[in-house]
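Asker: Pasting in a structure now, in structure tokens, and then I'll have a few things to ask.
The values are calculated or read from the model by the stated rules, or taken from the named source; none is laboratory data. Owing to the predicted nature of the structure, the values given are computational and were not obtained by experimental measurement. Cβ atoms come from the backbone with ideal geometry, glycine included; neighbour counts cover every protein chain shown. SASA here: full protein model, heavy atoms, side chains in, ligands and nucleic acids out. Shrake-Rupley method; radii C 1.70, N 1.55, O 1.52, S 1.80 Å.
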Amino acid sequence: MKLRVNNIKQPISEGDELLPNRIANLLGLEAGQVSSARITRRALDARKKQDVHFLLSAVAEVENAAAKRLLARENSHVETYSEPTQAAMSVGTEALRGRVVVVGLGPAGLFAAYQLAKHGYAPLVLERGDAIQQRARCVEQYWATGELDENSNVMFGEGGAGTFSDGKLTSRSKDARGELVLSTLIRFGAPEEIGFAAKPHIGTDRLRGVVSSMRKEIERQGGEVRFRATLTALEQKDGRIARVTFTTPSGTETVDCAALLLAIGQGARDTYEMLYDAGIAIAPKPFALGVRVEHPQNMIDRAQLGELAGHPRLGAAEYRLTAQHGERGVYTFCMCPGGNVIASASAKDEIVVNGMSNFARNAKNANAAVVVQVHPNDFGNGALDGMRFQKKMEQAAYAAGGGDGVAPASTLGAFLRREKPRGFGDVQPSYRPGVAACDLWRVLPPFVAAGIAEGMKAFGRQLRGFDREDAVLTGVETRTSAPLRLLRGDNMESASCAGLYPVGEGAGYAGGIVSAAIDGLKAAEAVIGKFAPPKTVI
């Protein structure tokens, strides 16, 4: 009989092949009474540096009589286990009057298009950037020379912004679709450990291949993916979507549209403006902004893991820190162990920074955003005012860097003294194409700079060495989340236009790869539940 077994303490030095024996010992059974075990969750417990270990949950095959006795005694470590089943999806009956169009091929658009193609809806996918191989060349060109392609970059292109990131797959969502997202990623090449790791990640190097494989499957199932295709207009009729217009290198095209899934990401400011002018309901929302901070990864390892720092089974250590500045939260965001700070702008007169790690997380520095909460009353309550506030900060960073993709940067010591640094210490900036030493108080809004200063002091009390003099701050990090929300109802449709489905981070409804993918799946299910699939592939 299969049982779910929880709170299994596993020493760092012990291999998984001994798991059946460890479970038997935990449950008071003989070794032969547990024939096999499969890990479903692995988390590191490093609260006590003298006793760092893994805590596991597993599905174990236990001898029937022994399993029944354990359940009857209500053993605190075990519970019944049933194989997960996927609920049948209801299919609508309304005839499609035009294409099902998905705009954007980030996590939300990718999973929406995959679900639609799998169920026979032959979606037309519009992505303003390039396929991943060409996109990677465009990004490398920007990082090497400062020459930015405004349509194919870290924000735009196959896989979305998450493709150039640490590839974190943690999510606060309890939605069961999260398991479907992870299993799908594994099917297309992600490491199997993301299915049970407490803090799973893929890394940008592995994620690129997964994204490309999923796109090819969408095409194999009848979907049509158009790169360098930018949505420029939509036409409504009787309160619902009727047609969409998009531009390509070959010219302008218009197609009849029965359902439009907008998974545009938060960098498509021209699309936001087009939607606003078309009367689509949009509201401002809070977000956060700040800088990227870098430390030596081995310092973070020692602070978090003590004598076990560098252990091959533990990898690069992570952190998540919070503080308060008045009534505003200050916190670290999107921590990238063993990674680099990267140039992420999508317009030539702006500087945007983000963080990225490969799967091995073996670069010299650790980095994370240190951000301060921003509220609509900080920038105005107009639908697009938050977007304009972001843009103003990014332009200020561009001016401070001096152009050509160069970002303004400081040591923490100089920042706390409110002066320009004279140079950098043992921690060297990883950002390319390069940094310019700068007094960041001249770039950031005063309340943001003050919040970062107070937060960094607090973080130094929480994690030894975090407030070191030569920690590097690089600005500006503005794209933590969308500064607006495309309003929608419980049926996933826009509050102002039937047939329009705003989804993912760009619509203001997600905060990472998994939550965006879940949102895309929900929108696809809404379309499938409303419309019958086309009788022939379009």
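Asker: Report the residue count in the stretch 305-331 for those that are among the acidic types (Asp, Glu) and either at pLDDT 95 or above or in a loop (DSSP other than H, G, I, E, B) (or both).
Answerer: Count: 2.
Asker: Under 9 Å between Cβ atoms, which residue pairs at least 6 apart in sequence (or on different chains) link something in the stretch 472-485 that is of a type in the set (Gly, Ala, Ser) with a partner that is surrounded by fewer than 24 Cβ atoms within 10 Å (Cβ to Cβ) and modelled with pLDDT under 95?
Answerer: Sorted first by the residue in the stretch 472-485, then by its partner, the pairs are 481/511.
Asker: A further question follows. Across the stretch 281-291, what is the total count of residues that are in contact with a Leu (Cβ under 7 Å, 6 or more places away or on another chain) and open to solvent by less than 30 Å² (accessible area, probe 1.4 Å)?
Answerer: Selection size over the stretch 281-291: 5.
Asker: Considering (1) touching a Gly at 6+ places or on another chain (Cβ under 9 Å); (2) at pLDDT 95 or above, say which one residue 165 fails and leave the rest.
Answerer: (2)
Asker: Please enumerate the residues belonging to the stretch 495-519 that are among the hydroxyl-bearing types (Ser, Thr, Tyr) and open to solvent by 10 Å² or more (accessible area, probe 1.4 Å).
Answerer: 496, 509, 515 - these are the residues of the stretch 495-519 that are among the hydroxyl-bearing types (Ser, Thr, Tyr) and open to solvent by 10 Å² or more (accessible area, probe 1.4 Å).
Asker: Say whether the condition of being surrounded by 16 or more Cβ atoms within 10 Å (Cβ to Cβ) and touching a residue at least 60 places away in the same chain (Cβ under 8 Å) is met by at least one residue in the stretch 85-97.
Answerer: Scanning the stretch 85-97 turns up at least one residue that is surrounded by 16 or more Cβ atoms within 10 Å (Cβ to Cβ) and touching a residue at least 60 places away in the same chain (Cβ under 8 Å).
This table checks each residue for (1) touching a strand residue (DSSP E or B) at 6+ places or on another chain (Cβ under 7 Å); (2) over 25 Å from residue 100 (Cα atoms); (3) part of a strand (DSSP E or B).
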residue: 470; (1), (2), (3): yes, yes, no
residue: 476; (1), (2), (3): yes, yes, yes
residue: 481; (1), (2), (3): yes, yes, no
residue: 485; (1), (2), (3): yes, no, yes
residue: 496; (1), (2), (3): no, no, no
residue: 506; (1), (2), (3): no, no, no
residue: 510; (1), (2), (3): no, no, no
residue: 515; (1), (2), (3): no, no, no
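Asker: Name the single residue that is surrounded by the most Cβ atoms within 10 Å (Cβ to Cβ) among those in the stretch 249-280 being within 29 Å of residue 389 (Cβ to Cβ) and among the hydroxyl-bearing types (Ser, Thr, Tyr).
Answerer: Checked the stretch 249-280; the qualifying residue surrounded by the most Cβ atoms within 10 Å (Cβ to Cβ) is 272.
Asker: Turning to a different aspect of this structure: Output the qualifying pairs, or none if there are none: Cβ atoms under 6 angstrom, residues six or more apart or on different chains, first residue in the stretch 213-229 and more than 25 Å from residue 149 (Cβ to Cβ), second residue surrounded by fewer than 18 Cβ atoms within 10 Å (Cβ to Cβ).
Answerer: 221/118; 222/537
Asker: How many residues are of a type outside the set (S, T, N, Q) and open to solvent by 40 Å² or more (accessible area, probe 1.4 Å) when one looks only at the stretch 335-371?
Answerer: Of the residues in the stretch 335-371, 5 are of a type outside the set (S, T, N, Q) and open to solvent by 40 Å² or more (accessible area, probe 1.4 Å).
Asker: Can you list residue pairs whose Cβ atoms sit under 7 Å apart, with the first residue in the stretch 254-265 being acidic (Asp, Glu) and the second being outside any strand (DSSP E or B)? Count only pairs 6 or more apart in sequence or on different chains.
Answerer: Note: pairs meeting the criteria are 256/97; 256/98.
Asker: Here are the criteria: (1) touching a Phe, Trp or Tyr at 6+ places or on another chain (Cβ under 8 Å); (2) open to solvent by 20 Å² or more (accessible area, probe 1.4 Å); (3) closer than 30 Å to residue 300 by Cα. Tell me which single one residue 14 does not satisfy.
Answerer: Looking at each condition in turn, residue 14 falls short on (1).
Asker: Test residue 196 against the stated conditions and say whether it is of a type in the set (Phe, Trp, Tyr) and modelled with pLDDT of 95 or more.
Answerer: no
Asker: Now for a different question. Test residue 302 against the criterion of being open to solvent by 30 Å² or more (accessible area, probe 1.4 Å), farther than 20 Å from residue 487 by Cα and outside any strand (DSSP E or B), and give yes or no.
Answerer: yes
Asker: Give me a count of the residues in the stretch 264-299 that are of a type in the set (Asp, Glu) and in a strand (DSSP E or B).
Answerer: Residues that pass the stated criteria total 1.
Asker: Now, a different point. Residue 410 versus (1) open to solvent by 10 Å² or more (accessible area, probe 1.4 Å); (2) over 26 Å from residue 160 (Cβ atoms); (3) of a type in the set (S, T, N, Q): which is the lone unmet condition?
Answerer: Going through the list (1) open to solvent by 10 Å² or more (accessible area, probe 1.4 Å); (2) over 26 Å from residue 160 (Cβ atoms); (3) of a type in the set (S, T, N, Q), residue 410 breaks only (1).
Asker: Answer yes if at least one residue in the stretch 363-374 is free of Cβ contacts under 8 Å to residues at least 60 places away in the same chain and not acidic (Asp, Glu), and no otherwise.
Answerer: Within the stretch 363-374, none of the residues are free of Cβ contacts under 8 Å to residues at least 60 places away in the same chain and not acidic (Asp, Glu).
Asker: Of the numbered conditions (1) touching a Leu at 6+ places or on another chain (Cβ under 9 Å); (2) exposed (fewer than 14 other Cβ atoms within 10 Å of the Cβ), residue 59 fails exactly one; give the number of that condition.
Answerer: The one condition residue 59 does not meet is (2).
Asker: Since residue 528 meets every condition but one in (1) within 28 Å of residue 183 (Cβ to Cβ); (2) in contact (Cβ under 8 Å) with a residue 24 or more places away in the chain; (3) in a loop (DSSP other than H, G, I, E, B), which condition does it not meet?
Answerer: Going through the list (1) within 28 Å of residue 183 (Cβ to Cβ); (2) in contact (Cβ under 8 Å) with a residue 24 or more places away in the chain; (3) in a loop (DSSP other than H, G, I, E, B), residue 528 breaks only (3).
Asker: If you go through the stretch 478-493 one residue at a time, do you hit one that is out of contact with any Phe, Trp or Tyr (no Cβ under 7 Å at 6 or more places or on another chain) and under 30 Å from residue 299 (Cβ atoms)?
Answerer: Taking every residue of the stretch 478-493 in turn, at least one turns out to be out of contact with any Phe, Trp or Tyr (no Cβ under 7 Å at 6 or more places or on another chain) and under 30 Å from residue 299 (Cβ atoms).
Asker: Is the stretch 63-73 home to any residue that is over 30 Å from residue 402 (Cα atoms) and in a loop (DSSP other than H, G, I, E, B)?
Answerer: yes
Asker: Out of the residues in the stretch 45-58 that are over 18 Å from residue 17 (Cα atoms) and touching a residue at least 40 places away in the same chain (Cβ under 8 Å), state the one that is farthest from the chain's Cα centre (by Cα).
Answerer: Only one residue tops the list, namely 50.
Asker: Please specify each residue of the stretch 423-452 satisfying the condition of being in a helix (DSSP H, G or I), touching a residue at least 24 places away in the same chain (Cβ under 8 Å) and open to solvent by 40 Å² or more (accessible area, probe 1.4 Å).
Answerer: Listed by number, the residues that qualify are 441, 442, 447.
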